[in-house]
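The values are calculated or read from the model by the stated rules, or taken from the named source; none is laboratory data. No experiment lies behind these values; they were computed from the predicted model shown. Glycine gets a Cβ as well: all are built from the backbone with ideal geometry, and neighbour counts include every protein chain shown.
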Amino acid sequence: MSLIEFARDTLEDYRRRLYRTLDGLTFDELNWRPNAEANSIAFVVWHTSRVEDRWFQVFCQGVPDIWVRDEWHRRLGLGETDVGVRYTVEQLRAFPKLTNDDIRGYFEAVRGGTLKYLEDLDPVALDTSPGRSPFPEFDGGTGRFASFTIRRMFRQLIGEEMQHLGHVGFLRGLQRGLDG
């Protein structure tokens, strides 16, 4: 199995697991936070989608992210550069309440862009480093991510998505217990 096939299969596995965890959650459950300094399920899913969007659009391709290009920031009531990193308690409090359709809609738009990129990806490109950061507002565009190869980016993204999937499952469990 090639790395591209592995990435595609892993991303599809993530989607299945994520949707299984989101299924049946109410609006209040999606937006519930255990305390003022914690994230909601909606926030975590949105943030993870933003990160994937930035990696594949900005980092890999050097094009505007889907968030801005398709005006998802306007639809969801957030800023063009919001990615959910280093948020203050005040920013968490002000984070908009999102519906299941909101977070799934943005996720699917991003995932569609990711799969399109993978479809056209030449395996030789895996060892190239685009030389840009997906988060230039945090590292000036020259931080550690700017030195990543596309191959290394997959490890970073898959690790982050699985870590945040655990957060989503935990937040669901805090609210519903062992509901299956």
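Out of ARG86, ARG54, ARG74, I need the residue that is among the basic types (Lys, Arg), within 26 Å of GLY140 (Cα to Cα) and free of Cβ contacts under 8 Å to residues at least 24 places away in the same chain. Which one? Can you show your working first?
On the way: ARG86 fails: free of Cβ contacts under 8 Å to residues at least 24 places away in the same chain; ARG54 fails: free of Cβ contacts under 8 Å to residues at least 24 places away in the same chain.
It is ARG74.
Taking (1) surrounded by 15 or more Cβ atoms within 10 Å (Cβ to Cβ); (2) modelled with pLDDT of 95 or more in turn, GLU71 satisfies each apart from (1).
Pairs meeting the criteria (first residue in region 1-26 and more than 12 Å from LEU118 (Cα to Cα), second residue in a helix (DSSP H, G or I) and among the charged types (D, E, K, R), beta carbons under 6 Å, at least 6 apart or on different chains) are TYR14/GLU161; THR21/ARG172.
Here is a yes/no grid of residues against (1) assigned to a loop (DSSP other than H, G, I, E, B); (2) in contact with a Pro (Cβ under 8 Å, 6 or more places away or on another chain); (3) not polar (S, T, N, Q):
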position: ARG86; (1), (2), (3): yes, no, yes
position: ARG93; (1), (2), (3): no, no, yes
position: ASP102; (1), (2), (3): no, no, yes
position: PHE107; (1), (2), (3): no, no, yes
position: PRO130; (1), (2), (3): yes, no, yes
position: VAL168; (1), (2), (3): no, no, yes
position: LEU171; (1), (2), (3): no, yes, yes
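For region 50-81, filtering for residues that are under 17 Å from LEU92 (Cα atoms) and assigned to a helix (DSSP H, G or I) leaves 3.
Scanning region 1-19 for residues that are surrounded by 12 or more Cβ atoms within 10 Å (Cβ to Cβ) and out of contact with any Pro (no Cβ under 9 Å at 6 or more places or on another chain) gives PHE6, ALA7, ARG8, THR10, LEU11, GLU12, ASP13, TYR14, ARG15, ARG17, LEU18, TYR19.
Go through region 27-79 and count every residue that is over 11 Å from the mean Cα position of the chain (by Cα) and within 17 Å of MET162 (Cβ to Cβ). Of the residues in region 27-79, 2 are over 11 Å from the mean Cα position of the chain (by Cα) and within 17 Å of MET162 (Cβ to Cβ).
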